[in-house]
Amino acid sequence: MKYAAILLSVFALFPAVAGDVFNVDGGHSSIVFSVKHNNIADFYGRFNKVDGTITYDAGNPTAGSFEITIDAGSVDTNSDRRDKHLRNADFFNAVQFPEVTFKSTSIKQKGDALHVTGDFTMLGKTKPVTFEITVSDTAQGRGGTTLRGFNAKTTIKRSEWGMTYGIGGSLGDEVTIIASLEGIHK
Amino acid sequence: MQSTEMIVEQLFKSAVLPVIAGGAGAFLSSRILPDRLRGDGAAAVGMLAGFAVSFYAVAGFGGFPPVRVDQWVPFLGLAAVILFAIAGHKNTAIRGILHLVLMAGVLWIFYKPLGRLYNTWEMIMWIGGSIAVWAALWLSWEGVEESERHKELFLAMVVTATGISLVSVMDGSALIGQVSGALAASCGGLFLASLFLPGLRIGPTGAAVFITLTVGLLLNTYHYVEVHAVASVLALSAGFAINILRLPFLREAGLIKRSVVVCAVGLAPIVAAVVFLLTGAPPEDEYDYGY
């Protein structure tokens, strides 16, 4: 009885994460962002390097977890000069803060979508963000691997992380992030 | 807000505001500070006041301790003012120790996040090079004889900081360019104030604040903004133009002649850096910094 109580205490220290574990396939995943320019058009950019691990149980989706890491220095907007500007202190400060990360803390099911709340860390600041995520069925990849797609979307205010360049001028504060992640079953 | 209005607002924050704050800071501190600090100390306080007010107007106050390395620069300048106001007047050995303390702080803050980018030998090379640059700047700015500390030194500072500002803006960061421009404008404010305050001058305290701010901004410009190495070195070299004033034929020259010479010598590498960046920029890339 005593040992059972100790075991229960130990398990209680860890969050209940269960399900299949997927590694994010950086070669077939996309992280795209958009921001208003001159308050008229949405300007899109992307990050070329993304990594992460997703735990997902189709039978109990709220028990999973999402841990995503984006290489801030891989920002790509089809202009070398703009990319360099985005990498430095005015925006992502990628030398000092090389990664943008998201780590889920809770998941709720709303209709067909998951509302995944977690810690979003950028420029050394961590704040809660909720992504709306839809999950695909599985497919077979090369070599018989099992694949699953996760399509996530959220909108943040970049100023909350201290990224204020251009706000009040030609660049918007709100940034929409779209992540289309292909997971390979471990 | 229209782009033109935004540019005007940013110009006010980084060019007009530091002139006013720098001049006013020097004027007020020359009234308040004890006699021994009224010339040099007032210039140092004015320089920092103009720079810091503009820095926070442009970049915002990020709290303390700062998260971003560039946000440390005003605090490092404040440390320089305090250390040199307390003990910087004593002797060269003590000033050397104070410079070592400031340099250690600057290098720790700017090189600590770079550990993952450089191996041990590269890091030793970078830190060693930075120490050599700091020492050379110190010898240059303190090497000017007391009797020759005239108003043209403020102009030499304006030219040096303008160089850092230009290469930053042209090769990466509007923010670092603006705050470097703020340092230039603040020194410009000191020059204007010196026309009304004859005792205002650059001595060990003003030199220490200027070197601390300049090295901090330069390290940021090269390592974090990724300004091209050639342009960075050319911008740095403007900081040594002051040594031209040691030439015998300039020692007896008047303010205008000394000002023209030191500014021309300082501007030469900056013009070279601008030409280098202009000719190296890809012509098809018409990015306008979001404006």
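At-a-glance table
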{"quantity": "Residue in segment A:81-101 that is more than 30 Å from B:Gly60 (Cα to Cα), open to solvent by less than 40 Å² (accessible area, probe 1.4 Å), touching a helix residue (DSSP H, G or I) at 6+ places or on another chain (Cβ under 6 Å) and more than 14 Å from chain B (Cβ to nearest Cβ) present", "calculated": "no"}
{"quantity": "Subset of segment A:19-47 (residues that are closer than 27 Å to A:Ala139 by Cβ, open to solvent by less than 50 Å² (accessible area, probe 1.4 Å), not in a loop (DSSP other than H, G, I, E, B) and not polar (S, T, N, Q))", "calculated": "A:Val21, A:Phe22, A:Val24, A:Gly26, A:Ile31, A:Val32, A:Phe33, A:Phe47"}
{"quantity": "Selection status of B:Arg258, exposed (fewer than 15 other Cβ atoms within 10 Å of the Cβ) and more than 14 Å from chain A (Cβ to nearest Cβ)", "calculated": "no"}
{"quantity": "Unique match (being open to solvent by less than 30 Å² (accessible area, probe 1.4 Å), in contact (Cβ under 8 Å) with a residue 12 or more places away in the chain and within 14 Å of another protein chain (Cβ to nearest Cβ)) among A:Leu123, A:Leu181, A:Leu114", "calculated": "A:Leu123"}
{"quantity": "Selection within segment A:136-170 - modelled with pLDDT of 95 or more and among the β-branched types (Val, Ile, Thr)", "calculated": "A:Thr154, A:Thr155, A:Ile156"}
{"quantity": "Selection status of A:Ala58, small (Gly, Ala, Ser), surrounded by 20 or more Cβ atoms within 10 Å (Cβ to Cβ) and not in a helix (DSSP H, G or I)", "calculated": "no"}
{"quantity": "Given (1) at pLDDT 95 or above; (2) of a type outside the set (Gly, Ala, Ser); (3) out of contact with any Gly (no Cβ under 9 Å at 6 or more places or on another chain), number of the condition B:Phe61 does not satisfy", "calculated": "(1)"}
{"quantity": "Single residue of segment A:145-168 satisfying the filter (within 11 Å of chain B (Cβ to nearest Cβ) and open to solvent by less than 20 Å² (accessible area, probe 1.4 Å)) that is nearest to A:Thr117 (Cα to Cα)", "calculated": "A:Trp161"}
{"quantity": "Residue match in segment B:226-249 (condition: small (Gly, Ala, Ser), in a loop (DSSP other than H, G, I, E, B) and closer than 25 Å to B:Ala42 by Cα)", "calculated": "no"}
{"quantity": "Among residues of segment A:61-80, those that are part of a strand (DSSP E or B), open to solvent by less than 20 Å² (accessible area, probe 1.4 Å) and within 14 Å of chain B (Cβ to nearest Cβ), counted", "calculated": "1"}
{"quantity": "Criterion: out of contact with any helix residue (DSSP H, G or I) (no Cβ under 6 Å at 6 or more places or on another chain), at pLDDT 90 or above, open to solvent by 40 Å² or more (accessible area, probe 1.4 Å) and closer than 23 Å to B:Ala52 by Cα - qualifying residue of B:Trp126, B:Trp138, B:Trp121, B:Trp108", "calculated": "B:Trp108"}
{"quantity": "Filter pass, B:Val144 being in contact (Cβ under 8 Å) with a residue 60 or more places away in the chain, within 14 Å of another protein chain (Cβ to nearest Cβ) and within 17 Å of B:Ala44 (Cβ to Cβ)", "calculated": "no"}
{"quantity": "Residue identified as of a type in the set (Phe, Trp, Tyr) and closer than 25 Å to B:Ala52 by Cβ among B:Phe191, B:Phe249, B:Phe240, B:Phe276", "calculated": "B:Phe191"}
{"quantity": "Among residues of segment A:130-142, those that are open to solvent by 10 Å² or more (accessible area, probe 1.4 Å) and either among the aliphatic types (A, V, I, L, M) or within 14 Å of another protein chain (Cβ to nearest Cβ) (or both), counted", "calculated": "2"}
{"quantity": "Filter result (of a type in the set (A, V, I, L, M, F, W, C) and under 14 Å from A:Asp90 (Cβ atoms)) within segment A:135-186", "calculated": "A:Trp161, A:Met163, A:Ile167, A:Leu171"}
{"quantity": "Hits in segment B:220-240 (condition: of a type outside the set (Phe, Trp, Tyr) and surrounded by 24 or more Cβ atoms within 10 Å (Cβ to Cβ))", "calculated": "B:Asn220, B:Thr221, B:Val225, B:Val227, B:Ala231, B:Ala235, B:Ala238, B:Gly239"}
{"quantity": "Criterion (open to solvent by 10 Å² or more (accessible area, probe 1.4 Å) and assigned to a helix (DSSP H, G or I)) met by exactly one of B:Leu190, B:Leu217, B:Leu213, B:Leu175", "calculated": "B:Leu175"}
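The values are calculated or read from the model by the stated rules, or taken from the named source; none is laboratory data. Treat the numbers as computed from the prediction; the structure is a model and nothing was measured. Positions of Cβ are generated from backbone atoms using ideal geometry, with glycine treated the same way; all protein chains shown enter the neighbour counts. Just the protein is used for accessible areas: all its heavy atoms, side chains included, with ligands, DNA and RNA removed. Shrake-Rupley method; radii C 1.70, N 1.55, O 1.52, S 1.80 Å.
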